[in-house]
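**Student:** Structure in structure tokens, see below.
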Amino acid sequence: MNWDILEGKWQQIKGAVREKWGELTDSDMEQIGGNKDRLLGKLQERYGYSRDEAERALDEWDYEAGQPAGTRRYGRP
């Protein structure tokens, strides 16, 4: 995912982020503002992930989001 583009489209994308990680609050979402490092930090804070776990979870979400509808699955091939 191009994070520069994500920051510009954060208002559209944040619903998908909240769907995946429902423990993130509205305040969290405003603080994140599309910034990858802030999102990783909030995932660590809210879910107790290590930095590596947060990055892996975000990578998997990004991979799944890029798959055509009906073909999304967990993990990578």
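The values are calculated or read from the model by the stated rules, or taken from the named source; none is laboratory data. Since the model is a prediction, treat every value here as computed from it, not as a measurement. Cβ placement follows ideal geometry from the backbone for every residue including glycine, while neighbour counts extend to all protein chains displayed.
**Student:** Within region 8-22, track down each residue that is of a type outside the set (Gly, Ala, Ser) and more than 12 Å from the chain's Cα centre (by Cα). Break it down stepwise before answering.
**Tutor:** Let us first name the residues in region 8-22 that are of a type outside the set (Gly, Ala, Ser), namely 9-14, 17-21.
Listed by number, the residues that qualify are LYS9, GLN11, GLN12.
**Student:** Of LYS42, LYS20, LYS36, which residue is surrounded by 17 or more Cβ atoms within 10 Å (Cβ to Cβ) and basic (Lys, Arg)?
**Tutor:** LYS42
**Student:** Consider region 1-57. How many of its residues are small (Gly, Ala, Ser) and not in a helix (DSSP H, G or I)? I'd like the intermediate steps shown before the answer.
**Tutor:** Going residue by residue through region 1-57, those that are small (Gly, Ala, Ser) are 8, 15-16, 22, 27, 33-34, 41, 48, 50, 54, 57.
When the remaining residues are screened for being not in a helix (DSSP H, G or I), the result is 22, 33-34, 48, 50.
Final tally of qualifying residues: 5.
**Student:** Please enumerate the residues belonging to region 40-76 that are of a type outside the set (D, E, K, R), modelled with pLDDT under 95, touching a helix residue (DSSP H, G or I) at 6+ places or on another chain (Cβ under 9 Å) and on the phi < 0 side of the Ramachandran plot.
**Tutor:** If the condition is that a residue be of a type outside the set (D, E, K, R), modelled with pLDDT under 95, touching a helix residue (DSSP H, G or I) at 6+ places or on another chain (Cβ under 9 Å) and on the phi < 0 side of the Ramachandran plot, then LEU58, TRP61, ALA65, TYR74 are the ones that fit.
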